[in-house]
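Have a look at the structure below before the remarks.
Read the figures in this text as sums done on the coordinates, not as results from a lab. Small disclaimer: the values here were computed from a predicted structure and weren't measured. Here the Cβ positions follow ideal geometry from the backbone for every residue, glycine too, while neighbour counts run over all protein chains shown.
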Amino acid sequence: MTETQTVQRTPLYDAHVTMGGRMVDFAGWSLPICFSSINEEHAHTRTACSVFDVSHMGRLSLKGKDCTSFLNRLCTRNLTQAEVGRSYYSHICREDGGILDDVIVSRFEKRWGMVCNASNREKIIKWIDQHRRGLDVELSDQTNTTAMLALQGPKTLELANQITGKDLSDLKRYRFTEYTYLIMKVVVYRCGYTGEDGIEVVVPTSAIKMLLPKLFGSKGKPHPLIKPAGLGARDTLRIEAAMPLYGHELSEEWDSLTAGQSWCVDLEKDFIGVEAMRELKKGGLPRRLVGLELDGRRIARQHYKVFANGREVGEVTSGTLSPTLGKSIAMALVKSDVSEVGTTLDIEMGSKRVGAAVVTLPFYKRPQGS
C-alpha cells in the first residue's frame, strides 16, 4: 500500500476485537490471524463448525446481454451452458497464460456474480473494464456494501437452518440460493476453502449486528458448536486440502496447467490465454505443482529451494506442519522430470537440506459421509 492508503475494516471488525481476535494487515484489510490458537481453530473446523470472515474478498456483479459471451471469453471455464443457481471455479489469464486471478463466477437469473481475491480486485476490475468496451456489460462492485462469511465444518449443514433461516440440506456443492430473510437479501453458496463441507453467506453490511448472535450466541452463553476462526487456520486447512492460494500456487508468472488446475480449463473453447496453453500442452509442461511430505517437523516456507541429487529443480509455494496429519507438508513447483509420486527430493532450509518425498494431492480428504 502507499502512504496515503489506509487499512480497511470489514463489517465484523468490532466483533473480531471484542472476541479477542489478533488483528493483522492482510491485502490491505484488518483481519484476525487467530482468536484462540491456529491449531485449536483448525481442529474445531475439522470436527464442528467455524466462522471465517471473508468480507475482504471482492464481490462483483455483472449484467447485460453480452455478459455470458464476455465472461466465457474472460474465463478459462466454459460458461456457455451455465445453469442458474450454479457457481463455477475459474481462472482469468493474460494472453501468455499467466494467471491474473482465480475466481468464482455464479449464474443468477438476471446477472452474474464474481468473487475475486482481495489483493487482485482492482486489477480484475481494470481488466474487465478494458475488455468490455463496446459491449453491453455493466459492472458494479458490491464489496463495500455487503459482508461475506464462510461457515465450514462437518456440523455446518446441521446448523444451517438456525443460522440462515432456510433449510439448505438439498443444496448441492457449488450451488447457491438467493432469498429474502427479514427484509434483507441473502445469498448462500455451498462451497468453501478448507476441505470440509460448508457454506458462504453474503448479506448487506447492515445485517451483521443482527446475524452475530445467531452465529456466536452471547458473551455469557456462547454457541456450543460454532466458533470464530482466523487467517492462520484458514491457511493450514487449505494447504491440507491442497487448495491453491494466489501469490503462492497461482501467479502471473505461470499458467493454469502448470499450477495443476487443468480441470478448470477448457482448451476446446476460445478464451484469453488459450493459445499459449494449447502450445504448452502440445509441447509438454516443463514444470508441475506437486505435494511433498518432509522428513521431521520443520516447516518449508515459500520460495525455499528444492533439489534432486544436488540439482536445483524448483521451489516451495506453501508449507505447514499439518495439525490433522502431524506431519510437515508442502506444495512446490518443480521440473516435470522429478514430479512423479515417490520421487525423493531435498529442501534447502538455511544451511541444511531436509529430505522430502513427492506424494499424492490432496494431503487430506474429509471422511466419506461427513
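So here's what we get for this one:
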item: Shape call, segment 58-141: gyration tensor on alpha carbons, a/c limit 1.5; result: rounded
item: Residues whose placed amide H lies under 5 Å from that of ALA48, excluding near-sequence neighbours; result: LYS155
item: Highest-fluctuation residue, VAL51, VAL24, VAL188 considered, GNM on the chain with Cα pairs under 10 Å; result: VAL24
item: Computed over segment 159-226: relative contact order in percent, which uses C-alpha pairs under 8 Å that are six or more apart; result: 20
item: Cβ-based exposure ranking for SER50, SER256, in which fewest neighbours within 10 Å come first; result: SER256, SER50
item: Candidate lysines - alpha carbon under 23 Å from LYS281, same-chain residues fewer than 8 apart omitted; result: LYS269, LYS335
item: Vicinal HN-Hα couplings computed from phi for segment 18-23 (Karplus, 6.51 cos²θ - 1.76 cosθ + 1.60; Hz; Gly/Pro x); result: 4, 7, x, x, 8, 7
item: Inter-probe distance in nm under a simple model that places probes 7 Å from Cα toward Cβ, at GLU275 and ASN309; result: 3.9
item: Rounded, prolate or oblate (a/c below 1.5 giving rounded, otherwise prolate when a/b exceeds b/c) for segment 286-362 by Cα gyration tensor; result: oblate
item: Fewest-first ranking of MET114, MET23, MET331, using other Cβ atoms within 10 Å as the exposure measure; result: MET23, MET114, MET331
item: GNM flexibility winner over the chain from ASP170, ASP101, ASP346 (Cα, springs under 10 Å); result: ASP170
item: Relative frequency of Cα-Cα separations exceeding 17 Å in segment 14-87, percent; result: 63
item: Per-residue HN-Hα couplings for segment 277-284 [Karplus 6.51, -1.76, 1.60; θ = phi - 60°; Hz; x = Gly/Pro]; result: 6, 4, 5, 5, 5, 4, x, x
item: Among SER206, SER318, SER87: highest mean-square fluctuation, GNM of the chain, C-alpha pairs under 10 Å; result: SER206
item: Calculated FRET efficiency for the pair LYS335/TYR179, C-beta based, R₀ 35 Å, to 0.05; result: 0.10
item: Computed over segment 211-370: relative contact order in percent, which uses C-alpha pairs under 8 Å that are six or more apart; result: 23
item: Cα gyration tensor shape of segment 117-218, rounded if a/c is under 1.5, else prolate or oblate by comparing a/b with b/c; result: prolate
item: Phi to ³J(HN,Hα) by Karplus 6.51 cos²θ - 1.76 cosθ + 1.60 over segment 109-126, Hz, x for Gly, Pro; result: 5, 10, 7, 10, x, 9, 10, 10, 6, 4, 5, 10, 4, 4, 5, 5, 4, 5
item: Likely footprinting exposure, LEU31, LEU321, fewest C-beta neighbours within 10 Å first; result: LEU321, LEU31
item: Listed pairs LYS166/LYS219; LYS172/LYS305; LYS166/LYS221; LYS63/LYS155 exceeding 29 Å between Cα atoms; result: LYS172/LYS305; LYS63/LYS155
item: Translational diffusion coefficient (Stokes-Einstein; Kirkwood radius from C-alpha pairs) of the chain at 20 °C, 1.002 mPa s, in µm²/s; result: 99
item: In nm, spacing of pseudo-spin labels at THR18 and LYS65 (7 Å Cα→C-beta vector); result: 5.0
item: Mean Cα-pair separation over length for segment 286-362, i.e. relative contact order, pairs under 8 Å, 6 or more apart, %; result: 38
